[in-house]
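J.: Before anything else, here's the structure in question.
The values are calculated or read from the model by the stated rules, or taken from the named source; none is laboratory data. Just so we're clear, the structure is a prediction, and the values are computed from it rather than from any experiment. Backbone-built Cβ (ideal geometry, glycine too); neighbour counts: all protein chains shown. Ligands, DNA and RNA are stripped out before the accessible areas are found, and what is left, the full protein with its side chains, is counted by its heavy atoms. Shrake-Rupley method; radii C 1.70, N 1.55, O 1.52, S 1.80 Å.
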Amino acid sequence: MHLKLENLPVIMEAPGTKMLMQPGWGGMAVAYWEMPGTDSAPMLKGLPNDSCPCPHWGYMIKGSLHIKYDDGTEETLSAGDVFYLPAGHNGKSDEELAWIEFSPEKELKQVLDHLAKK
């Protein structure tokens, strides 16, 4: 199974922000994100521990993203990094970002449903 990045369906779009996503890849969804910067903490408030309950595997294409985990550890993802983010994290950046991620559909749906209410 494969798909050109530009053929992923758009599921969210706003000025400077775009999310393309295709579910149905063996229980996983592939997503491409672009955004001018972010602080996920306010958007994730109300989820367990006020953080993302979904693990992600991916590749940072552009920018850097500072990650804080529920256990208190922190790290920074930068362009060119491959990554794994376990459940229980928040991210913050003041610069333009782009990344590709793979996430379990069930957990990702919980996050997307929560964001849709914001």
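J.: Only one of these is open to solvent by 70 Å² or more (accessible area, probe 1.4 Å) and outside any loop (DSSP other than H, G, I, E, B): E101, E6, E95. Name it.
T.: E6
J.: Keeping to region 75-92, report how many residues are assigned to a strand (DSSP E or B) and either basic (K, R) or on the phi > 0 side of the Ramachandran plot (or both).
T.: Going through region 75-92 one residue at a time, the tally reaches 1.
J.: Quick check on my filter: what residues within region 9-47 are buried (at least 16 other Cβ atoms within 10 Å of the Cβ) and among the polar types (S, T, N, Q)?
T.: Q22, T38, S40
J.: Got a sec? Which of H89, H114 is crowded, with 18+ Cβ neighbours inside 10 Å and not acidic (D, E)?
T.: H89
Yes/no per residue for (1) in contact with a strand residue (DSSP E or B) (Cβ under 7 Å, 6 or more places away or on another chain); (2) of a type in the set (D, E); (3) more than 22 Å from L5 (Cα to Cα):
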position	(1), (2), (3)
V30	yes, no, no
E34	yes, yes, no
G72	no, no, yes
D81	yes, yes, no
G88	yes, no, yes
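J.: Please find, among D70, D50, the residue that is among the acidic types (D, E), surrounded by fewer than 16 Cβ atoms within 10 Å (Cβ to Cβ), out of contact with any Asp or Glu (no Cβ under 6 Å at 6 or more places or on another chain) and modelled with pLDDT of 95 or more. Walk me through how you get there before you give the answer.
T.: On the way: D70 fails: surrounded by fewer than 16 Cβ atoms within 10 Å (Cβ to Cβ).
Residue meeting the stated conditions: D50.
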